[in-house]
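Everything on this sheet refers to the single structure shown next.
The values are calculated or read from the model by the stated rules, or taken from the named source; none is laboratory data. Since the structure is predicted, the reported quantities are computational estimates derived from the model, not experimental observations. Counting neighbours? That spans all protein chains shown, and the Cβs are built from the backbone with ideal geometry, glycine included. Side chains included, ligands, DNA and RNA excluded: accessible areas come from the protein's heavy atoms. Shrake-Rupley method; radii C 1.70, N 1.55, O 1.52, S 1.80 Å.
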Amino acid sequence: MTVNTALFELHALQQALQQLTAGKITASELSAQARATPHLLARLPPRYGEVLQDLLDRLEASALFTEESCSFSQSELLTHLQGWADKAQETLELTPQVPE
């Protein structure tokens, strides 16, 4: 498993975030795609996986509401997910390549 594979999964996740923001996919679809990133999560420190799971759980819960709720602001969650993706990319880019 290489950093390139993890970056590929991360870029796909970033595209899915953009699609959700544009209304082209649902929060459930984004969540399913994000949870199906084994290489990405394996290359990041364990805390990244914990934070991602928490954000995805809250995003799925926010989809149950038709309006912004003080507890479940979907736009705020998307901002946090984008921040997570930005930090994940920085971390991956700083990870030295190890020959397989």
Just for region 55-69: of the residues that are open to solvent by less than 70 Å² (accessible area, probe 1.4 Å) and at pLDDT 75 or above, which one is nearest to P38 (Cα to Cα)? L56
Testing Y48 on (1) more than 17 Å from L17 (Cβ to Cβ); (2) of a type in the set (F, W, Y); (3) modelled with pLDDT of 95 or more, one condition comes back false. Which one is that? (1)
Which is of a type outside the set (A, V, I, L, M) and under 12 Å from the mean Cα position of the chain (by Cα), of Q19, Q15? Q15
If we keep only residues of region 16-54 that are assigned to a helix (DSSP H, G or I) and either of a type in the set (S, T, Y) or touching a strand residue (DSSP E or B) at 6+ places or on another chain (Cβ under 9 Å) (or both), then the residue most open to solvent (accessible area, probe 1.4 Å) is T21
